1. On full extension of the chain, what length is gained from SER33 through THR88, given 0.36 nm per residue of separation minus the C-alpha to C-alpha distance?
2. Kindly put HIS139, HIS133 in sequence by how many other C-beta atoms sit within 10 Å of each C-beta, fewest to most.
3. Go ahead and estimate [θ] at 222 nm for the chain from helices alone: -39,500 (n - 2.57) per DSSP H run with n ≥ 4, summed, over the residue count, rounded to 500.
4. Compute a Gaussian network model of the chain, connecting alpha carbons closer than 10 Å, and tell me which residue from LEU171, LEU61, LEU188 fluctuates the most.
5. Below 8 Å between Cα atoms, with a sequence gap of 6+, how large is the relative contact order for the range 4-67 in percent?
6. Around THR27, what is the net charge, scoring Lys/Arg as +1 and Asp/Glu as -1 over all other residues with Cβ under 14 Å from its Cβ?
7. Mind putting a number on the dipole of the chain about its Cα centre? Charges go on the C-beta only, +1 for Lys and Arg and -1 for Asp and Glu, and I need it in Debye to the nearest 20.
8. Once each part is reduced to its C-alpha centroid, what is the distance from the range 15-59 to the range 158-210 in angstrom?
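What follows is calculated from the coordinates using simple rules that are stated; it is not laboratory data. Values in this document were obtained by computation on a predicted structure and should not be read as measured data. Glycine gets a Cβ as well: all are built from the backbone with ideal geometry, and neighbour counts include every protein chain shown.
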Amino acid sequence: MEIRTVCGQDATDRAGAAEYLDLALNTVRMISSPAQRARTGFPAPLPERVDGRDWFALTDLDAYRAAQPRPEAAPPPTGDPDRLIDLTEFAELRGVDPGTMRGYVKLSLNDWDEHRDGYLPYPDETKPARNGHVYRWKHARAVAWVFPEQRRTGGRTPGRAPTVADLESVLADAGDTPLKNREIAAELTRRLGRPVSLQIVQRLNRKRREPDAADSGDI
């Protein structure tokens with residue numbers, strides 16, 4: 001996600017807004033159009049266009065996210081509370097968009113590796129599948145789960161922020177062994193003693209690929 005200072009504010013473009021809000025880019029393109037903003041409440045872009053793109057203040061995106069209705073609590077479980085349900089049923093049960101739930105899975109993987117809850121509860125059953133794993137939860141746990149109120153907070157995470165140099169050090173230590181982003185996030189978390197998210201790893205990778213990228217420190 002690219003962040004720039006525009007009109008004196010931290011801002012991102014439409015692709016960044018989609019990542020920041022965990023929405024599909026095509027969805028953001030639609031709800032951010034001038035014709036749709038009055039209906040959707042999506043913030044207007046900042047007056048200054050940079051590189052021919054619209055830029056949206058992160059504070060405006062935070063306000064938009066906070067104004068969205070929270071998923072309603074599901075009715076009390078009926079039948080067997082120990083019945084296992086998959087991610088699709090979990091999403092339907094709680095009225096959450098399936099894409100959002102898949103994003104929660106990705107953000108939960110490092111916590112699940114440590115056998116603790118993440119953005120979603122630790123699965124009661126995990127089975128390998130052709131493209132990853134299938135996760136299942138007891139129906140009663142899915143009903144009782146309290147979703148995080150927001151994906152980001154306004155405060156700074158304690159500890160030194162990871163840098164491109166930190167990323168390159170992790171990759172160098174791995175040698176020829178390819179690492180997934182969540183594995184890099186876990187290793188950076190261990191080295192720095194502070195949580196490092198998948199989004200931060202993705203951002204570091206983008207900076208690393210930029211020509212003559214300067215290691216600016218905080219992410």
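1. Contour length minus the Cα-Cα distance gives 16.8 nm.
2. Going from least to most buried by this count: HIS133, HIS139.
3. Helix contribution divided over all residues of the chain: -13000 deg cm²/dmol.
4. LEU171
5. Once divided by the residue count of the range 4-67, the mean separation gives 38 percent.
6. +2
7. 280
8. Taking the Cα centre of each part, the range 15-59 and the range 158-210 sit 28 Å apart.
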